[in-house]
Amino acid sequence: MKTPDDSRRSEADGENNNREQENRSDTSHNKSPLLSDPWKPCRRHRAVVKELLLKLRCCLGTVCGIEWYGYAALGILTAILSFLMDLSVAKLLRAHQWLYTMLEGNVLLQFFCWTLYPACICAIASSFSHNICPFSTGSGIPEEKAAGEMLVVSAGVGVASCFGAPIGGVLFSVEVMSSHFALRHYCPCFFSAACGALTFRLLAVWGGDGETLQALFRTNFPDALPFYPLEILLFAFLGLLCGAVSCCYLFCHRWILRFTKTNPVFAKMLTTEKGLYSGMVVFFLASLTFPHFAGQYMASKYTMKELLTSFLDSRQWTSQSHNTSEQLEPLLEWSSSGTSVYFSLVFFLLMKMWMLVLACTLPLPAGYFMPVFIYGAAIGRLIGEGAAYLSSTGVTPGQQWASVNPGGYALAGAAAFSGAVTHTLSPVLVAIELTGQFTHAVPILLATLMANALSRSGHRPSFYDALSISKRLPHLPSLKKASPQLPSTPVGQVAVKSVLLQKAAGPVEAEQAVRTSTEMQIPVVDSYESQTLLGFVLRSELLTFLRRWKTESPEKHLDEGCCIHQTSIVISPHNTVQEAHSILSLLGSQTLFVADEGKLVGLITWPEMKRILEDLAKEI
């Protein structure tokens, strides 16, 4: 038995322990988390900086939501990266041209300069990207289409930052990300694209490329009479021609993708020797474009920007070719070999067709929109020069064909061909914003519509769809074009068996469900025997229920301590994967329950839908 002294002594010890615990708790509450670790340097200064950042966040939050600052930062940072990349590429091209000019007189050294310079750069870039991020090769649009989410906004920002075309960039993101685009992305996409385009153009002005904000490729098309009414027929023919050529291009592109996947030599090189493969392909392509070889018929000394500028020239090259006193600068390059402009343009189109297809196999992060845009401009320039020649020789009656603008055809061809290859109409706005030329909006739209109609016939996959199919990415529209029967798979065959709770579940069952499930919505059934779906309980509410159970009454059941939410939409196991994908996209929800006559079968979440599509892609 305890004596009175022992009792008093134990009470005093308990009071001392309580005081020590209170002091420790007070100290821990008063101390900043940054000051709790004694080894961290500048603890007090770090705490002050953190406090200032928190105050700044509160001030910014009072103006608008924090996510809008994220959208602005996305556009600005993308524009800065795009500008720095353009600047770096321009410096490298200028160095290449300078070195080639300095070796004038020695054809052999010029050949090695022309070929080895880009081959080495591409080999280094391919090896670097392979070691840093091996999945970054090729175009990034197929990966964005498969991933969705925040990348919906980034797709529009990328086009806006590269071309200074915010409206066309947003429309492009709507078209290529149609399976993920929701109305809530509309304003953020425009806001971020506008920030990116504005930053990109301001950087160009500050860099000395212009005096004020203007289009990247200014044109001098006549405003009084930009085109004659009968020329609409020629623009429609140009659209059909671009559509037919795009079908040939897409067929060759799909063939080369299959060939590189199935051929053992190419497949091994693209897996283990990406730098060597890039160097060999670029050396071969550069050899063909050597100015003393086939390059003299392709204006190979021009950069991509100079090529597009020459194609958009509104003056007629054929009418100036006989006037030795006034030679146009683009004409001097396109007819430097002494051949006619028509031969150079036809040779350029024939060579660039398969060269672009081969370049698509390079394991490098690259954008393929600009090359096909320029290729379409070459098609339009050829048609425009032909129309201008016929009008100048008097073949067409009357004076209404007296002055044909070949640059307008080049602009329409660029939009039509790039739109046909990508199965989009946004290149119309991109072309208009890129050049600031609104006078040709109607013929450009007509040509692009005609090209798209021909390119989409037969359910042919687009350029991006072909890449998605080749990489077996989980993008449902691409899989549907590759194998129409796959999206019709019943949901009941692929739905995931989920952890569930009955309404009378106790805290022990709830705690086990939290440990074994990672879903945010856990289904609730009437009983484990009947499994009749009643609704779902949120994971956060379930954790709150468990915390209360540990401190309050242990006799509570799930339906007493948690709110069972009703499910708005429940699909049948006989519904298809495509229907489930559409419902998830339209509702923007994260979980979709599958029940057969009220009995829970499983559930489908966005991660599970991605896994389902990946499994379906393996069957292609």
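Within segment 412-425, can one find any residue that is open to solvent by 10 Å² or more (accessible area, probe 1.4 Å), of a type outside the set (Val, Ile, Thr), modelled with pLDDT under 90 and not in a helix (DSSP H, G or I)? No; the residues of segment 412-425 include none that is open to solvent by 10 Å² or more (accessible area, probe 1.4 Å), of a type outside the set (Val, Ile, Thr), modelled with pLDDT under 90 and not in a helix (DSSP H, G or I). Somewhere in segment 297-311, is a residue among the β-branched types (Val, Ile, Thr), in a helix (DSSP H, G or I) and under 30 Å from Gln437 (Cα atoms)? Yes, segment 297-311 contains a residue that is among the β-branched types (Val, Ile, Thr), in a helix (DSSP H, G or I) and under 30 Å from Gln437 (Cα atoms). The single condition from (1) open to solvent by 50 Å² or more (accessible area, probe 1.4 Å); (2) farther than 22 Å from Val494 by Cβ that Arg611 fails is (2).
Considering only residues of segment 116-162 that are at pLDDT 80 or above, in contact with a Lys or Arg (Cβ under 9 Å, 6 or more places away or on another chain) and assigned to a helix (DSSP H, G or I), which is nearest to Leu74 (Cα to Cα)? So the residue we want is Pro142. Looking only at segment 114-138, residues that are within 14 Å of Val282 (Cβ to Cβ) and open to solvent by less than 40 Å² (accessible area, probe 1.4 Å) come to 7 in all. Of the residues making up segment 427-465, those that are in contact with a Gly (Cβ under 6 Å, 6 or more places away or on another chain) and open to solvent by 50 Å² or more (accessible area, probe 1.4 Å) are Leu429, Met450, Leu454. Looking for something open to solvent by less than 20 Å² (accessible area, probe 1.4 Å), modelled with pLDDT of 70 or more and not in a helix (DSSP H, G or I) - is there at least one such residue anywhere in segment 218-226? Checking segment 218-226: at least one residue is open to solvent by less than 20 Å² (accessible area, probe 1.4 Å), modelled with pLDDT of 70 or more and not in a helix (DSSP H, G or I).
Restricting attention to segment 492-508, the residues that are surrounded by 15 or more Cβ atoms within 10 Å (Cβ to Cβ) and either without any contact (Cβ under 8 Å) to a residue 40 or more places away in the chain or part of a loop (DSSP other than H, G, I, E, B) (or both) add up to 8.
Quick grid of which residues meet (1) assigned to a helix (DSSP H, G or I); (2) of a type outside the set (Val, Ile, Thr); (3) crowded, with 16+ Cβ neighbours inside 10 Å:
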{"position": "Glu511", "(1), (2), (3)": "yes, yes, yes"}
{"position": "Leu542", "(1), (2), (3)": "yes, yes, yes"}
{"position": "Glu560", "(1), (2), (3)": "yes, yes, no"}
{"position": "His574", "(1), (2), (3)": "no, yes, no"}
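The values are calculated or read from the model by the stated rules, or taken from the named source; none is laboratory data. Remember, predicted model here, so these are calculated numbers, not experimental data. Methodologically, a virtual Cβ is constructed for each residue, glycine included, from the backbone with ideal geometry; neighbour enumeration extends over all protein chains shown. We work out accessible area using only protein heavy atoms, side chains counted, and drop any ligands, DNA or RNA first. Shrake-Rupley method; radii C 1.70, N 1.55, O 1.52, S 1.80 Å.
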